Amino acid sequence: MKYIKDGGITSPQGFKAAGVACGIRKKGRKDVALVYSQLPAHAAAVYTQNKFKAAPLQITEEHLQNGIAQAVVVNSGIANACMGQHGLETAKEMALITAESLQIKTEDVVVASTGVIGVPLPMELITKGIKEASRVLNCDGGTDAAEAIMTTDLIKKEIACKLGIGGKTVTIGAMAKGSGMIHPNMATMLAFITTDASIESKCLQYILKKAADATFNMISVDGDTSTNDMVVILANGLANNPKITMDGQYLEEFEAAIFEVCTTLAKMIAQDGEGATKLIEVEVVGAKSLEDARKGAKAICSSSLVKTAIFGEDANWGRIVTALGYSGAEVDPLMVDVYIGDLLVAQKGTGLNFDEEKAGEILKQKEVKLKVDLNLGSAEATAWGCDLSYDYVKINADYRS
C-alpha cells in the first residue's frame, strides 16, 4: 500500500466532489459538500448508537437497504436532528434535489448533516448550495468537500492510498470531520470513503464494520456520542480488479488498507479534539479477550481525570488504573503494569519510584502513549483521544452563538 500525496475523496477513478458556501455558516465558510460516482457503487455504512438518530441517517439507512449509492450530500452548521417529521421531510428533500441535479435515482443518494441540534434546515439556502455544488463537481474538488463538512474542526481530514490487487491498481480515498462530541461508538464524526475496487456488497459491509469497531469506535474527545455519526463507503468497481469476495485471496490485503485509512482518520479526529493540545494513545495488552482489551483502553482514554492529568503533564498513574478498574474488563489488580511512554510507573498494581523528570518530558510531547499490561492473556487493543483543556470549555460554552 502506498499513500497518495495530497490525495482525498476523489483520488479513486470515477469520483468527483465539490464544496460550496450556501450561507448556513458564518463568514462565507463552505457548508455544502457533494461527492458523486460516475457509476452506481456498492455501498455500506455504520451509524451512531445514539437513540436520537438524526433524520439524515434514517433516510440514508432506507436508501442503502439495496447496498447501492451514487452520491453523498452533506451540510454543515445544522444537524437536522430532533426535528420530527419535518426533519425527515427536509432530509428527503436534500436527496431529491441532489438526484435531480445529477440525474440519478433519489434512493441512490446518501444524506448527512452536522451542526447544531434542534434547528430547522434553511432549505432555500441548501437547495441553492446543492445545485451550485452539482455544477462545479470536479476531480480536484475533494479538498473543497473536506472543508465543507467541517464544524469546529481546525484542520481538514483527508487521505488516499493505492495498492495492487490481481495486477490492477486499486485506489482508496477518504475524508472525515470530527472535533467535539466524540466518544466510542462514534461521535459528531462523519467519514466518507471511496474506492474504485470491485468488491461484493456483503464483503464491503463486513470490512467497514470490522474497521470501524477497531478505529472510529475507539476514539474519545469528550464522552458524548452524537446523533449524527456515520461512516459510509462507496465502491464503483472501475479499477477492474478481480472481485474481492469473502472467501477470495484479496480480502485480507484490501481489509488491511481500509483499516489503515480508518486508523489514520480516527487519529486525525482525536488529535483535532476541541481545545486539544495533545493526542493520547492508550494501548491495553495482555488481556484475556479482545472485548476486555477494548473496554480497558476505551475507559482510560475517555476518563476526564486522565485527560486533565495529561493536559497538566502530571504523571498521575492512579487515574489510569482507576479508569481500568471501572471499565468492566476482567482485571487482577495485583498483575497490572502501567507505562507512560516507555517508562514503567507501576508494576503488579503497585507504584514505583520512577523518574518524575523523565515522565514530565514524555508528557510534554504532542503525542502521549500510555500502555497497560494486564498480564492475563494475549489480546490487545488501542484507543485514541486527546487531553481536556480550558479551551474545550470555552468552545462549548457558546457553541450556538
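The values are calculated or read from the model by the stated rules, or taken from the named source; none is laboratory data. Computed from a predicted structure; not experimentally measured. Every residue, glycine as well, gets a Cβ built from its backbone with ideal geometry; the counts of neighbours run over all protein chains shown.
What is the number of the single condition among (1) buried (at least 22 other Cβ atoms within 10 Å of the Cβ); (2) in contact with a Ser or Thr (Cβ under 8 Å, 6 or more places away or on another chain); (3) aliphatic (A, V, I, L, M) that ILE59 does not meet?
So the condition that ILE59 fails would be (2).
Residue pairs, Cβ under 6 Å, 6 or more apart or interchain, first in the stretch 210-229 and within 29 Å of VAL119 (Cα to Cα) and assigned by TED's automatic domain parsing to the domain that holds ASN50, second assigned to a helix (DSSP H, G or I) and modelled with pLDDT under 85. List them.
Matching pairs, first to second residue: ILE219/ALA270.
Could you count how many residues in the stretch 32-56 are assigned to a strand (DSSP E or B), more than 17 Å from the chain's Cα centre (by Cα) and surrounded by fewer than 24 Cβ atoms within 10 Å (Cβ to Cβ)?
4
Please verify whether ALA146 is farther than 22 Å from LYS53 by Cβ and in contact (Cβ under 8 Å) with a residue 24 or more places away in the chain, treating the condition exactly as stated. Spell out how you get there, then give the answer.
Working: farther than 22 Å from LYS53 by Cβ: yes; in contact (Cβ under 8 Å) with a residue 24 or more places away in the chain: yes.
Here the answer is yes, as ALA146 does meet what is asked.
Just checking: which of the strands (runs of 3 or more DSSP E) contained wholly in the stretch 258-359 hold 1 or more residues that are surrounded by 18 or more Cβ atoms within 10 Å (Cβ to Cβ) and among the small types (Gly, Ala, Ser)? Break it down into steps so the answer makes sense when it comes.
Working: elements: 279-287, 337-340, 343-347.
Of the strands (runs of 3 or more DSSP E) lying wholly inside the stretch 258-359, those with at least 1 residues that are surrounded by 18 or more Cβ atoms within 10 Å (Cβ to Cβ) and among the small types (Gly, Ala, Ser) span 279-287, 343-347.
Please verify whether VAL119 is within 21 Å of GLY178 (Cα to Cα) and surrounded by 18 or more Cβ atoms within 10 Å (Cβ to Cβ), treating the condition exactly as stated. If you could, list the steps in order and put the result at the bottom.
Numbers: within 21 Å of GLY178 (Cα to Cα): yes; surrounded by 18 or more Cβ atoms within 10 Å (Cβ to Cβ): no.
The answer is no for VAL119.
Kindly establish whether ASN75 is surrounded by fewer than 24 Cβ atoms within 10 Å (Cβ to Cβ) and either of a type outside the set (Asp, Glu) or more than 20 Å from LEU208 (Cα to Cα) (or both). Step through it out loud before you land on a result.
Working: surrounded by fewer than 24 Cβ atoms within 10 Å (Cβ to Cβ): no; either of a type outside the set (Asp, Glu) or more than 20 Å from LEU208 (Cα to Cα) (or both): yes.
Spelling it out, it is not the case that ASN75 is surrounded by fewer than 24 Cβ atoms within 10 Å (Cβ to Cβ) and either of a type outside the set (Asp, Glu) or more than 20 Å from LEU208 (Cα to Cα) (or both).
Taking the stretch 158-172, which residues are more than 23 Å from ASP140 (Cβ to Cβ) and in contact with a strand residue (DSSP E or B) (Cβ under 8 Å, 6 or more places away or on another chain)? Step through it out loud before you land on a result.
Narrowing the stretch 158-172 to residues more than 23 Å from ASP140 (Cβ to Cβ): 164-168.
Selection gives GLY164, ILE165.
Being in contact with a Leu (Cβ under 7 Å, 6 or more places away or on another chain) and more than 15 Å from MET230 (Cβ to Cβ) narrows it down to one residue among ILE68, ILE78; which is it? Walk me through how you get there before you give the answer.
Working: ILE68 fails: in contact with a Leu (Cβ under 7 Å, 6 or more places away or on another chain).
So the residue among ILE68, ILE78 that is in contact with a Leu (Cβ under 7 Å, 6 or more places away or on another chain) and more than 15 Å from MET230 (Cβ to Cβ) is ILE78.
Return a yes/no flag: does the stretch 327-337 have any residue that is among the small types (Gly, Ala, Ser), modelled with pLDDT of 95 or more and more than 27 Å from the chain's Cα centre (by Cα).
Taking the stretch 327-337 and keeping what is among the small types (Gly, Ala, Ser), we get 327-329.
Keeping just the survivors that are modelled with pLDDT of 95 or more gives 327-329.
The next check asks that each one be more than 27 Å from the chain's Cα centre (by Cα); those that pass are none.
No - not one qualifying residue is present in the stretch 327-337.
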